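The values are calculated or read from the model by the stated rules, or taken from the named source; none is laboratory data. Given the structure is predicted, the values throughout are model-derived calculations rather than measurements. No Cβ is skipped: glycine too gets one built from the backbone with ideal geometry, and neighbour counts run over all protein chains shown. With ligands, DNA and RNA removed, areas are computed over all heavy atoms of the protein, side chains included. Shrake-Rupley method; radii C 1.70, N 1.55, O 1.52, S 1.80 Å.
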Amino acid sequence: MKKLNELSKSDLLLIFQALSDPIRLDIFLCLLKSKEKRFSGKTYNISKSTMSHHIKLLKEAQLINLRKEGTTHIYSVNEGLVEQIGFFFDSCKNKLK
């Protein structure tokens, strides 16, 4: 990702597309609350491959980070990107004034 406050249109599209699905949005919101978490298809009553697809899209948008502990995958929010998104919305708000 780029320096703070330098999200491109393609960056923003990836982010918004990743968050446009209810399950992916819920995963992201859960991670905002719990800092780190592991997810499985059982969490959302979906197949393992569908869960992998959702996680893959969130990672491609750089919204989440992955940390491995043995065979366990533990996810967390990419705090730097969340900060960049905040700057983006602050600049939008400032343009409205």
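Things to note:
- Checking each residue in segment 59-81 for being open to solvent by less than 70 Å² (accessible area, probe 1.4 Å), touching a residue at least 12 places away in the same chain (Cβ under 8 Å) and out of contact with any Leu (no Cβ under 7 Å at 6 or more places or on another chain) picks out ASN65, THR72, ILE74, GLY80.
- Neighbours by Cβ (under 6 Å, 6+ apart or cross-chain): first from segment 6-26, under 21 Å from ASN45 (Cβ atoms); second open to solvent by 60 Å² or more (accessible area, probe 1.4 Å): LEU19/LEU25
- Among the residues of this structure, LEU7 does not count as one that is at pLDDT below 95, aliphatic (A, V, I, L, M) and in contact with a strand residue (DSSP E or B) (Cβ under 9 Å, 6 or more places away or on another chain).
- Across segment 55-83, the number of residues qualifying as within 17 Å of SER34 (Cβ to Cβ), in contact with a helix residue (DSSP H, G or I) (Cβ under 7 Å, 6 or more places away or on another chain) and not polar (S, T, N, Q) comes to 6.
- Hits in segment 6-44 - residues which are among the aromatic types (Phe, Trp, Tyr), under 18 Å from HIS73 (Cα atoms) and under 11 Å from the mean Cα position of the chain (by Cα): PHE28
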